[in-house]
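Below is one structure; the comments refer to it alone.
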Amino acid sequence: MNGLTWNIMLALIWVGMTGNFTGSGMAIGFLLGYLLLGVTLRDVPRFSGYIRKVPRVVRFVFFFLRELVVSNLRVAYDVLTPTDYMRPGVIAVPLDAHTDGEITLLANMISLTPGSLSLDVSTDRRVLYVHMMYLDDPEQAREQIKYFESRLLELLR
């Protein structure tokens, strides 16, 4: 079994022992299971990758939520004010992602963020075309998407 399976089993054991069958009880059990695995199995190669990956996932979730809130506020501000700040455009972003799963996840996360929409992937899967509502500086927008991609690929590889 992998580290995630062990962690979920430990969380379920915790929930069963405490009788606290709620989301918070499961979260506490998951955290305690993670700490237990980290302390006892940190030298086992099969589990050490899992132990290092969980903090990256948590950081990525907070990074994505921050990007989501900032882009929502920018679009909401533009909708609520009488001045139109939009400068729409399409940019081509070279991809470091190779597999269909990586490209799909990146494209979906870009599309989830208000103000941007993934349009297409080139036939050789090396370029992603993205429509941006606020394309003030195409090179800066491309760098932001590349940074987003690098953070995502750090988790998947």
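Here, each number is a calculation from the coordinates, and none is a lab measurement. None of the values given here were measured: they were computed from a predicted structure. Glycine also receives a Cβ, built like all others from the backbone with ideal geometry; neighbour counts cover every protein chain displayed.
Structure summary
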quantity: GNM result for the chain, Cα springs below 10 Å: residue of Leu65, Leu32, Leu119 fluctuating most strongly; calculated: Leu32
quantity: Dipole in debye (nearest 20) - region 19-97, about Cα centre, beta carbon charges: Lys, Arg +1; Asp, Glu -1; calculated: 340
quantity: Cα centre as origin, Lys/Arg/Asp/Glu Cβ charges: the chain dipole, Debye; calculated: 700
quantity: Positive-pole candidate from Leu68, Val90, Ser48, dipole of region 41-118, charges at beta carbon; calculated: Ser48
quantity: Mean residue ellipticity (222 nm) of the chain, computed from DSSP H runs ≥ 4 via -39,500 (n - 2.57), nearest 500; calculated: -22500 deg cm²/dmol
quantity: Amide H contacts of Val127 (H built 1.01 Å from N, under 5 Å, at least 5 apart or other chain); calculated: Leu95, Ser122
quantity: Alpha-carbon centroid distance for the pair region 116-155 / region 2-60, whole angstrom; calculated: 33
quantity: Loop sites in region 13-103: trypsin sites (Lys or Arg not before Pro), DSSP, at most 16 other Cβ within 10 Å; calculated: Arg42
quantity: Cα shape, region 13-157, gyration tensor, a/c 1.5 rule; calculated: oblate
quantity: Taking N as its residue count, the alpha carbon Rg of region 41-115 over 2.2 N^0.38 Å; calculated: 1.58
quantity: Net +/- balance of residues flanking Asp137 in space, Cβ distance below 13 Å, scoring K and R +1, D and E -1; calculated: -1
quantity: Distance (nanometres) between label positions extended 7 Å along Cα→Cβ at Asp78 and Ala92; calculated: 2.4
quantity: Sites matching chymotrypsin sites (Phe, Trp or Tyr not before Pro) across region 63-152 that sit in DSSP coil, with at most 12 neighbouring C-beta atoms within 10 Å; calculated: Tyr85
quantity: Qualifying GluC sites (Glu not before Pro) in region 67-157, DSSP loop, other Cβ atoms within 10 Å at most 13; calculated: none
quantity: Isotropically averaged projected area of region 83-157, using the convex hull of Cα atoms (one quarter of hull area), nm²; calculated: 4.8
quantity: Glu154 paired with Val61, simple spin-label distance in nm, labels 7 Å along Cα-to-beta-carbon; calculated: 1.7
